[in-house]
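S.K.: My structure is below; once you've seen it, I'll send some questions.
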Amino acid sequence: MLKLFARPRITLLLLVLASMSLVTLNYRGGAKFSFVSIKAAVRDVVSPVRSTANGIFRPVGNFFTGAFEYGSTKAKLAQVQNELDQLKLVQYSQLDAQRQLDQLLTLSKIQFAQGIPSIEAQVVGQTPTNIQLSFELNKGSSQGVKLGMVVVGGSGLAGRVVAVSSGTSTVLMLSDPNFVAGVRYGKGGNIALATGQGVNLPLKLGLIDPGSNIRVGQVLVTSGLQGEIYPAGIPVGVVSSVSNPIGGLQEQVLVKPLVNYSNLQFVKILEWAPPA
Amino acid sequence: MTSRLFLIRLPLLLITVLVVQHSGIGDISIQSVRPDFMLALVCASGVVGGREKGALIGFLAGILTDSFLVTPFGFTALVYTIVGYLAGEMERLDQEQNRILDYLVVGAASALGVSLESGLGFLLGVHDPLRRIFVTELAVVSLINLAISPLLVFGARFSLVPQGSERRISSRR
């Protein structure tokens, strides 16, 4: 009996109860027991130290990442070089197409293209855990950033703001397993659901009936349907593989996100709220 | 060691590991899996300090980690508390200090931590234990934590063990 109530066990019990209470308050406490301010305070304290440490440790991290992923990095470099050569060839021919596209976008009523007010921000670090794939920006609530705002990178959708402190904000990446977005593809604007699968893994596309006209290389854009948290027309990714398993109820489609998180430095936070 | 030194060294160690985790080193990914230095520290603290200190440091480390995640506040604290306590079960082994065994326990406890994180995450709807990279995550995190365990066991010993003493601070039960 004495051993059952030994001090370490009582300590464990108390700490487990404390943790479970915190988790329960998260789910049931509502606004009264919000931990957002506590999290924000801790972030604000640690952020300056982290920024300094980032400058020191980033080269070390890059060295190890390069060492572990040398083969794939070399292959990617060759691929990028090849793509660059091809892009140079088509650059001039696309100038006219770009002019036409600009005119069309001005005429059409695509929300994204009409120019949603935005806040420019710099990526100050990634959240290095395996539970949640996110990155941090140097703009927070004091600059007008709010929860749920959409973040776009150089070439497309980068994520959604999921946490805000006074000076920083956290953005959930497309590759996070909790990321879900309605997308459109093809000439008919068919609807599908893109879901994240993990670090460096392509997005998975759901709700694709067998025999649909989806092809490798097609660009997906956000659908912007009612209730959708992203505005319509933001490029999300490119279809990288399509397979139709025998007896499958839907096609297995993988999508490579357009945004490259490894070299993402500057983003725009769209001051956009989903329609009620 | 005076209690004052303990109060300075432990928070310093926790903040240092947190900063390292959130700096460039924490961004290193092997097979799309990132290391978990905080989990390694909790395991090392349990191994060095015993069940009670392991659980307490696990709770504090978890609260700090939770501050940077969108997952429910207290989720990581719960996982780390249990892992710290279980790693501290080492104190029950009636034997003199064996550093190799300490390092192995850090690796094994890390594997347990990843599994527990996935299992509890599944129950709370924030994690999928059957996702594609779970096995890779388990292997990579355990091996990295095993590799860095000498450093973190040293750090935990520096923070928790009285100077000049080579024995674990916990009493054997």
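The values are calculated or read from the model by the stated rules, or taken from the named source; none is laboratory data. Small disclaimer: the values here were computed from a predicted structure and weren't measured. Glycine also receives a Cβ, built like all others from the backbone with ideal geometry; neighbour counts cover every protein chain displayed.
S.K.: Taking the stated definitions as given, is B:Ala87 among the small types (Gly, Ala, Ser) and over 26 Å from A:Val46 (Cα atoms)?
M.R.: So B:Ala87 passes the test.
S.K.: Out of B:Ser3, B:Ser67, which single residue is at pLDDT below 80 and either surrounded by fewer than 24 Cβ atoms within 10 Å (Cβ to Cβ) or over 21 Å from A:Arg9 (Cα atoms) (or both)? Can you show your working first?
M.R.: On the way: B:Ser67 fails: at pLDDT below 80.
Only one candidate passes the filter, namely B:Ser3.
S.K.: Which condition from (1) out of contact with any helix residue (DSSP H, G or I) (no Cβ under 6 Å at 6 or more places or on another chain); (2) under 25 Å from A:Val199 (Cα atoms); (3) buried (at least 23 other Cβ atoms within 10 Å of the Cβ) is the one that B:Ala40 breaks?
M.R.: The number of the failed condition is (1).
S.K.: Take the residues of region A:120-155 that are under 30 Å from B:Ile144 (Cβ atoms), among the small types (Gly, Ala, Ser) and within 14 Å of chain B (Cβ to nearest Cβ): which is surrounded by the most Cβ atoms within 10 Å (Cβ to Cβ)?
M.R.: Only one residue tops the list, namely A:Ser134.
S.K.: Among the residues of region A:46-63, which ones are more than 7 Å from every other protein chain (Cβ to nearest Cβ) and surrounded by 14 or more Cβ atoms within 10 Å (Cβ to Cβ)?
M.R.: Of everything in region A:46-63, those that are more than 7 Å from every other protein chain (Cβ to nearest Cβ) and surrounded by 14 or more Cβ atoms within 10 Å (Cβ to Cβ) turn out to be A:Ser47, A:Ser51.
The rows are residues; the columns are (1) free of Cβ contacts under 8 Å to residues at least 60 places away in the same chain; (2) assigned to a loop (DSSP other than H, G, I, E, B).
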position: A:Ile214; (1), (2): yes, yes
position: A:Gly217; (1), (2): yes, yes
position: A:Gly237; (1), (2): no, no
position: A:Ser241; (1), (2): yes, no
position: A:Ile246; (1), (2): yes, yes
position: A:Gln250; (1), (2): yes, yes
position: A:Val253; (1), (2): no, no
position: A:Lys256; (1), (2): yes, no
position: A:Ser262; (1), (2): yes, no
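S.K.: Could you list, in sequence order, all residues of region A:156-172 that are away from chain B (no Cβ under 11 Å) and hydroxyl-bearing (Ser, Thr, Tyr)?
M.R.: Listed by number, the residues that qualify are A:Ser166, A:Ser169.
To keep it simple, each residue is scored yes or no on (1) surrounded by 24 or more Cβ atoms within 10 Å (Cβ to Cβ); (2) out of contact with any Ser or Thr (no Cβ under 9 Å at 6 or more places or on another chain).
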position: B:Gly26; (1), (2): yes, no
position: B:Ser45; (1), (2): yes, no
position: B:Gly49; (1), (2): yes, no
position: B:Gly54; (1), (2): yes, no
position: B:Arg99; (1), (2): no, yes
position: B:Asp102; (1), (2): no, no
position: B:Leu123; (1), (2): no, yes
position: B:Val126; (1), (2): no, no
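S.K.: Then there is this: Which one of these does A:Leu2 not meet: (1) surrounded by 14 or more Cβ atoms within 10 Å (Cβ to Cβ); (2) at pLDDT below 70?
M.R.: Only one criterion in (1) surrounded by 14 or more Cβ atoms within 10 Å (Cβ to Cβ); (2) at pLDDT below 70 is unmet by A:Leu2, namely (1).
S.K.: If you take the residues in region B:94-124 that are touching a residue at least 24 places away in the same chain (Cβ under 8 Å), under 18 Å from B:Val161 (Cα atoms) and touching a Leu at 6+ places or on another chain (Cβ under 9 Å), which one is farthest from the other protein chains (Cβ to nearest Cβ)?
M.R.: Within region B:94-124, the match that is farthest from the other protein chains (Cβ to nearest Cβ) is B:Tyr103.
S.K.: Then there is this: Among (1) at pLDDT below 65; (2) surrounded by 10 or more Cβ atoms within 10 Å (Cβ to Cβ), which single condition is A:Asp96 missing?
M.R.: If we test A:Asp96 against (1) at pLDDT below 65; (2) surrounded by 10 or more Cβ atoms within 10 Å (Cβ to Cβ), just (2) comes out false.
S.K.: Using beta carbons and a limit of 8 Å, which pairs, at least six apart or on different chains, have the first residue in region B:63-82 and at positive phi and the second one surrounded by fewer than 24 Cβ atoms within 10 Å (Cβ to Cβ)?
M.R.: Correct list of pairs: B:Gly74/A:Ala18; B:Gly74/A:Met20; B:Gly74/A:Ser21; B:Gly74/A:Leu22; B:Gly74/A:Val23; B:Gly74/A:Leu25; B:Gly74/A:Asn26; B:Gly74/B:Ile63.
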